[in-house]
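Read through the structure below, which is laid out as structure tokens, and then see the notes.
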Amino acid sequence: MTASPPICADDERDLLGRFDRVIAHNDRIEPRDWMPDKYRATLVRQIAQHAHSEIIGMQPEGNWITRAPSLRRKAILLAKVQDEAGHGLYLYSACETLGVSRGELTAKLIAGQQKYSSIFNYPTLSYADVGTIGWLVDGAAICNQVPLCRTSYGPYGRAMIRICKEESFHQRQGYELLSTMMRGTEAQRAMVQESVDRFWWPALMMFGPPDADSPNTTQSMAWGIKRDTNDELRQKFVDMSVPQAAALGVTLPDPQLTWNPERGHHDFGQPNWDEFTTVVKGGGPCNAQRVAHRKRAHDEGAWVREAATAFAARNQERSS
Amino acid sequence: MTASPPICADDERDLLGRFDRVIAHNDRIEPRDWMPDKYRATLVRQIAQHAHSEIIGMQPEGNWITRAPSLRRKAILLAKVQDEAGHGLYLYSACETLGVSRGELTAKLIAGQQKYSSIFNYPTLSYADVGTIGWLVDGAAICNQVPLCRTSYGPYGRAMIRICKEESFHQRQGYELLSTMMRGTEAQRAMVQESVDRFWWPALMMFGPPDADSPNTTQSMAWGIKRDTNDELRQKFVDMSVPQAAALGVTLPDPQLTWNPERGHHDFGQPNWDEFTTVVKGGGPCNAQRVAHRKRAHDEGAWVREAATAFAARNQERSS
Amino acid sequence: AAALAAYCLMLGDDALIYSHRLSEWASNAPDLEEDIALANIALDLLGQARLLLARAAAADARVVPPMPAGSPVPAEDALAFFRDEPAFRNVRFVEPDNGDFAVTIVRLLIFATYRLALFERLTGSADPVLSAIAGKGVKELTYHRDYAGRWFVTLAQGTVESRSRLESALTLVWPLHDELFRSHPIEKLLAGQGVGVDPADAAAEVDVLLDQVLSVSDLDRPSVAAMGPVSNGTGRDGRHTEAMGHLLAQLQVVARAHPNGRW
Amino acid sequence: AAALAAYCLMLGDDALIYSHRLSEWASNAPDLEEDIALANIALDLLGQARLLLARAAAADARVVPPMPAGSPVPAEDALAFFRDEPAFRNVRFVEPDNGDFAVTIVRLLIFATYRLALFERLTGSADPVLSAIAGKGVKELTYHRDYAGRWFVTLAQGTVESRSRLESALTLVWPLHDELFRSHPIEKLLAGQGVGVDPADAAAEVDVLLDQVLSVSDLDRPSVAAMGPVSNGTGRDGRHTEAMGHLLAQLQVVARAHPNGRW
């Protein structure tokens, strides 16, 4: 990471003042602007985690490409997984504007030094999971990400605008798959219900721990990196999902889920936060598998990347 | 290969006389006995080719182990492929008594400098092929090999006795699979017929070219390495197979196949000898695949064999 | 009509099976850009396959496997998921495992050059549907060919390792090259009617292009024997490689578990 | 009876799926001797699977999937080939791809040590069939364990590369270790009746043995997180790894294409 050049205290006070004004006006910070080191570090951590999530997220869905049960669904799924690679690209590029290269970030991912969304540490066990991931997981991601389109760092916000547009397309496709399957055979309906049962709680965990246990939220909100608290977003997601589940004809696996007319929101149960902690610490069903997969693909591709670099260097020599 | 030490002409004449007498009496030549260099070279070539055939032969059948349609058949097939590895072991050992190591032979196989039976350059395309290989291919192999139990070189002859016993067991199992399938569904019967159609002619080719085009036969027979001509063995195989095919209820794909009461044998058509030549020269449907498979397995196993060697060397040092 | 259907299956199955292989690269490619490019090529070919299988079913409904009464499975899916191995008419060229990136690039270069040569001629097909499919495909295949060509030269001139892997890849893939240009009676028949293309007619052009890439890369055609037929038949006759059964087991497993499924 | 059947499926499916994986080594092992040994172990486990699936069907016929009228498929095959993934009750430990020879040896060492500890206890089962199956299996598993143990030490003390591969293998396999000793309610129930074994009771003994092999090899247990459950369930509850679906697609493809087939 490129640290800011040393500057004296007065200058720093001026710069900080300007930075704070930009934030206060909901304007964008751009790559060449001065920014506090911690703001930069927080952004790098968040954008990298988001980029890694897109890349690791290719695995659970990619698992079903060769087995997709119709050619139309195969095309949709392949295009979606391709989009995720594209999202990863934008986000790594956004990170590069902060002075960190894709190679460095990938090395940290493989070494387990940077995280990705815990949801991708759950396996996909049936084709219905492709639909459920679209509906619930992309749905939750959109809840998280739409506010980020207004995030204070310019390149990140602009990447999010493009990503969110594609994500809502994916979400609709996932919902449409489930709704088609629900109009199919009894076995298909059971497959959808079983899938929703497995993914509902992990989807709720995607918003992170309850606000009381989320120490970084306040600073991130003050900086305009984050725009809503975890619990606010979770509530929004639940309120959005309940009528969709009813329209599909599936039951969400939460006996405490009821409409609360006083709050104007649904009350709902809490996910198993111990499980969340375990998964974040590497003990989910697929953590080891996901990182090993990425490491293998990266290692096996090393000779290709080296060849491309050598070829480019030679051609540059020749043309100069 | 360990060449015989230089000896003077008189000695050589005596040794050759003794060698010829052993051959004439149908006795066995043993590893420590003197033998003509060409006899040794011919034996090495033939035994190595036979050993390689066992090892390469594991691939077409091994292809169906994970997909065997009943647990009983899976056990039979797995045991059979295991037996083939065992046969390979005996035969490489027999070759080692002639002064050539398994490693040298494997290197020659992988480099395409030594052959294996051309039949294994055909693919297995259905589970019926497992049965057909047992019935026809092992059947042909037995016709070729039973006379070799009386071959003049001791270690080879003794290995063949054991191998032939197991091969006839395999042949019966293959026949039994086909006969069970013929009592199954229409689709299964069609699968058996299709498989027999594909393997009949390649099986006939297993006896080698017609006697007129088989220049080495005379010398090999004189040395007692070979006991019957190619055409004699082929006739025997056809005569054996016709009633078995009738009992199974399959048609052998040769319109010229008829009983000739005068000869007391079946007349039959000739295989496509051009195809045979092409396959022997590397142009069969699976030549490249078979050798690449063996090379990959051998290369990927190199570090394991090296570890075992290093471990053994270290322990020998310690104990000495 | 039966011949046209069979011909569309040949072209459609080539695309379907090769798309399957390329799609296996998803999340496994050497870099994100390659992940995206290979998925894109797989998608293009999948699109071609769908149009061609639909055309086959329209030309002769008898090629579509019978489905249980009331099954909502469309013809393209019945063809892709419910035919057995011998009914597939793709060349064996598209079946083997991907191997490493070098094998993939060699295979893609040959395949895209071959298919582009066919599609360029097919744009003039007397069958308006085939002609339209070919017109759309030409743009896609030009990209595929150029992508593979660039990588071919890059690997040839990259590092010692990449060049050595490329050479091994050439040796591995080349035995399957000849089958592409072996004319099948159906291809000859439809070429005679101005509907299809006899691949033998495209062989010379394809070879010139491949030789150019080899020459730029300072490589020779490997001297290896061509992969022979089985009982005098090849993939076009439904006689495939041992890889095909394993591929179809994955391709068809979910669809076959739900013959009345809606997806 | 339902509990006994479920318990036999657990032990039987462990053997069936692991046998499948080991059988993939056929013609791929580092040397002929290893090809023979791994096939032998796969055969032993396949034999155990057949006895246990038959016992499950005898204990409670309702576990056997319904077959079409007149189907000649025996119960052991209906169980192996016609159950869907969630009905398999094997531990996830046996599902992943083989990896290299080091991964295979680490997995085999742990699996054989674990299963031997269970089978030694099962020889005293109140169910005479289970007791007999265990008695036969003990000899086989002792050989499997010793074979893996010898190779483990050989790789640890062999070359720099073999030791390094062994260490990576340990890291890869170890997250699946804990699930072996997680008691399922059915295991507890049958252990209480003197019919089955609670694997938690065997954990200490297995760990001592594994630690001995590690210690001889001068290696430590890797400090990696255990693989977590899915919706609080594991393989014993029918919740498997992503590898399982691909494995079953191959295992079942021919049998399912011929539900009335005789083999």
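Would segment B:192-201 turn up any residue that is in contact with a Phe, Trp or Tyr (Cβ under 8 Å, 6 or more places away or on another chain), of a type in the set (S, T, N, Q), crowded, with 24+ Cβ neighbours inside 10 Å and part of a helix (DSSP H, G or I)? Explain how you work it out, then say what you get.
Residues of segment B:192-201 that are in contact with a Phe, Trp or Tyr (Cβ under 8 Å, 6 or more places away or on another chain), as a first pass: B:198-199.
Okay, now just the ones that are also of a type in the set (S, T, N, Q), so none.
Among the residues of segment B:192-201, not one is in contact with a Phe, Trp or Tyr (Cβ under 8 Å, 6 or more places away or on another chain), of a type in the set (S, T, N, Q), crowded, with 24+ Cβ neighbours inside 10 Å and part of a helix (DSSP H, G or I), which makes the answer no.
Just give me the residues in segment D:212-255 being among the charged types (D, E, K, R) and surrounded by fewer than 18 Cβ atoms within 10 Å (Cβ to Cβ), in sequence order. Working first, answer last.
Restricting attention to segment D:212-255, the residues satisfying the condition of being among the charged types (D, E, K, R) are D:218, D:220-221, D:236-237, D:239, D:242.
Once the filter is applied, which keeps residues that are among the charged types (D, E, K, R) and surrounded by fewer than 18 Cβ atoms within 10 Å (Cβ to Cβ), segment D:212-255 yields D:218, D:220, D:221, D:237.
Given the criterion hydrophobic (A, V, I, L, M, F, W, C), more than 13 Å from the chain's Cα centre (by Cα) and within 26 Å of residue B:65 (Cβ to Cβ), identify the matching residue among D:119, D:93, D:88, D:81. Show your work before the answer.
Working: D:119 fails: more than 13 Å from the chain's Cα centre (by Cα); D:93 fails: more than 13 Å from the chain's Cα centre (by Cα); D:88 fails: more than 13 Å from the chain's Cα centre (by Cα).
Sole residue among the options that is hydrophobic (A, V, I, L, M, F, W, C), more than 13 Å from the chain's Cα centre (by Cα) and within 26 Å of residue B:65 (Cβ to Cβ): D:81.
Only helices (runs of 4 or more DSSP H) whose full extent lies in segment A:10-120 are considered here, and the ones with at least 3 residues that are open to solvent by less than 20 Å² (accessible area, probe 1.4 Å) and touching a His at 6+ places or on another chain (Cβ under 9 Å) are A:37-56, A:71-96, A:102-110.
Scanning segment B:124-153 for residues that are open to solvent by 10 Å² or more (accessible area, probe 1.4 Å) and within 14 Å of chain D (Cβ to nearest Cβ) returns B:125, B:126, B:130.
Scanning segment D:129-146 for residues that are open to solvent by less than 10 Å² (accessible area, probe 1.4 Å) and either modelled with pLDDT under 95 or within 14 Å of chain B (Cβ to nearest Cβ) (or both) yields nothing. Of all residues in segment A:150-162, how many are assigned to a helix (DSSP H, G or I) and at pLDDT 90 or above? Here the count works out to 9.
In segment C:64-79, the condition of being among the small types (Gly, Ala, Ser), out of contact with any helix residue (DSSP H, G or I) (no Cβ under 8 Å at 6 or more places or on another chain) and more than 12 Å from chain A (Cβ to nearest Cβ) is met by at least one residue.
Does residue C:39 meet the test of being modelled with pLDDT of 95 or more, open to solvent by 20 Å² or more (accessible area, probe 1.4 Å) and not acidic (Asp, Glu)? Before you say what the answer is, go through the steps one by one.
On the way: modelled with pLDDT of 95 or more: yes; open to solvent by 20 Å² or more (accessible area, probe 1.4 Å): no; not acidic (Asp, Glu): yes.
For residue C:39, the condition - modelled with pLDDT of 95 or more, open to solvent by 20 Å² or more (accessible area, probe 1.4 Å) and not acidic (Asp, Glu) - is not met.
Restricting attention to segment B:118-137, does a residue exist that is modelled with pLDDT of 95 or more and among the charged types (D, E, K, R)? Checked segment B:118-137: at least one residue is modelled with pLDDT of 95 or more and among the charged types (D, E, K, R).
Out of segment A:69-84, which residues are within 20 Å of residue C:261 (Cα to Cα) and within 7 Å of chain C (Cβ to nearest Cβ)?
Restricting attention to segment A:69-84, the residues satisfying the condition of being within 20 Å of residue C:261 (Cα to Cα) are A:69-77.
Correct list: A:69, A:70, A:71, A:73, A:74, A:75.
Residue A:211 meets each of the listed conditions (1) at pLDDT 95 or above; (2) touching an Asp or Glu at 6+ places or on another chain (Cβ under 6 Å) apart from (1). The single residue among C:39, C:54, C:49, C:69 that is part of a loop (DSSP other than H, G, I, E, B) and either small (Gly, Ala, Ser) or over 19 Å from residue A:85 (Cα atoms) (or both) turns out to be C:69.
Across segment B:252-279, which residue is nearest to the chain's Cα centre (by Cα) among those that are within 10 Å of chain C (Cβ to nearest Cβ) and in a helix (DSSP H, G or I)?
Applying the first criterion (within 10 Å of chain C (Cβ to nearest Cβ)) to segment B:252-279 yields B:253, B:272, B:275, B:278-279.
If we keep only those that are in a helix (DSSP H, G or I) too, we end up with B:275, B:278-279.
Details: B:275: 19, B:278: 19, B:279: 16 Å.
So the residue we want is B:279.
Among the residues examined, residue D:70 does not qualify as under 17 Å from residue B:66 (Cβ atoms) and open to solvent by 40 Å² or more (accessible area, probe 1.4 Å). For first residues located in segment C:247-260 and facing chain A (nearest Cβ under 7 Å), partners that are basic (Lys, Arg) and assigned to a helix (DSSP H, G or I) and lie 6+ apart or on another chain with Cβ distances below 6 Å form the pairs C:250/A:67; C:253/A:67; C:254/A:67. For residue A:285, the stated conditions hold: it is open to solvent by less than 70 Å² (accessible area, probe 1.4 Å), out of contact with any Leu (no Cβ under 7 Å at 6 or more places or on another chain) and either assigned to a loop (DSSP other than H, G, I, E, B) or within 16 Å of residue A:123 (Cβ to Cβ) (or both).
Could you please give the count of residues in segment D:80-101 that are within 8 Å of another protein chain (Cβ to nearest Cβ) and small (Gly, Ala, Ser)? Going through segment D:80-101 one residue at a time, the tally reaches 1. Of all residues in segment B:215-269, those satisfying the criterion of being open to solvent by 60 Å² or more (accessible area, probe 1.4 Å) and either at pLDDT below 95 or of a type in the set (Phe, Trp, Tyr) (or both) are B:215, B:216, B:218, B:219, B:221, B:222, B:232, B:259.
For the condition modelled with pLDDT of 95 or more and within 18 Å of residue C:9 (Cα to Cα), what is the one hit in C:169, C:203, C:126, C:156? Steps first, please.
Details: C:169 fails: within 18 Å of residue C:9 (Cα to Cα); C:203 fails: within 18 Å of residue C:9 (Cα to Cα); C:156 fails: within 18 Å of residue C:9 (Cα to Cα).
From the options C:169, C:203, C:126, C:156, the qualifying one is C:126.
Considering segment D:45-58, the residues that are more than 10 Å from chain B (Cβ to nearest Cβ) and of a type outside the set (Lys, Arg) include one that is surrounded by the most Cβ atoms within 10 Å (Cβ to Cβ), namely D:45.
Looking only at residues of segment C:153-173 that are within 11 Å of chain A (Cβ to nearest Cβ) and closer than 23 Å to residue C:39 by Cα, we find that the one that is most open to solvent (accessible area, probe 1.4 Å) is C:165. For segment B:291-298, the criterion of a residue being more than 14 Å from chain D (Cβ to nearest Cβ) and either modelled with pLDDT of 95 or more or within 18 Å of residue C:226 (Cα to Cα) (or both) is satisfied by no position. Quick check, is residue C:196 within 25 Å of residue C:133 (Cα to Cα), modelled with pLDDT of 95 or more and open to solvent by 30 Å² or more (accessible area, probe 1.4 Å)? Here the answer is no, as residue C:196 does not meet what is asked.
The values are calculated or read from the model by the stated rules, or taken from the named source; none is laboratory data. Computed from a predicted structure; not experimentally measured. Cβ coordinates were reconstructed from backbone atoms using ideal geometry, including for glycine residues, and neighbour counts include every protein chain displayed. Just so you know, the surface numbers come from the protein's heavy atoms only, side chains and all, with ligands and any DNA or RNA stripped out. Shrake-Rupley method; radii C 1.70, N 1.55, O 1.52, S 1.80 Å.
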